[in-house]
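J.: Structure incoming, see below.
The values are calculated or read from the model by the stated rules, or taken from the named source; none is laboratory data. Keep in mind that what you see is a predicted model, and the values were worked out from it rather than measured. Positions of Cβ are generated from backbone atoms using ideal geometry, with glycine treated the same way; all protein chains shown enter the neighbour counts. SASA here: full protein model, heavy atoms, side chains in, ligands and nucleic acids out. Shrake-Rupley method; radii C 1.70, N 1.55, O 1.52, S 1.80 Å.
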Amino acid sequence: MFDYLITGISTAVSLDVFPVLFFGVLGGIILGALPGLTATMGVAILLPFTFGMSATPALVMLIGVYIGGIYGGSISAILLKTPGTPASADLSTRWSHNGT
């Protein structure tokens, strides 16, 4: 049972996958922080770039873009009171800073 966990962790931090994950999350944060660009749209935009990649880095990059996009949508929802993603619409109405 722990063999699978060790294999998964070693795959996630390997030199083939970790840089792809880092740039995927960074790109997702940038896309999500822009109002009107959602995490799903970021995945759709980057999907053609994964066709030439092997399966593991491609899926890791798409998951990283999605997770980063959800986080980035919270940035604009809290600071600008404008929901960056549909998932952060509740943040813009309840928890955002007044600005006054």
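J.: Compute, for SER14, the solvent-accessible surface of its heavy atoms (probe 1.4 Å) with the complete set of protein chains present, and express it in square angstrom to the nearest 10.
T.: The value for SER14 is about 40 Å².
J.: Probe radius 1.4 Å, ligands and nucleic acids left out: which of THR50, THR40, THR56 has the largest accessible area, and how do the rest follow?
T.: From most accessible down to least: THR40, THR56, THR50.
J.: How about the range 11-59: which chymotrypsin sites (Phe, Trp or Tyr not before Pro) there lie in a loop by DSSP and see at most 13 other Cβ atoms within 10 Å? Could you put the intermediate results ahead of the total?
T.: Details: sites: PHE22, PHE23, PHE49, PHE51; in loops: PHE51.
Passing both the DSSP loop test and the Cβ count: PHE51.
J.: Please compute the per residue accessible area over the range 1-87 with all protein chains in place, 1.4 Å probe, rounded to a whole number of Å².
T.: It amounts to 64 Å² per residue over the range 1-87.
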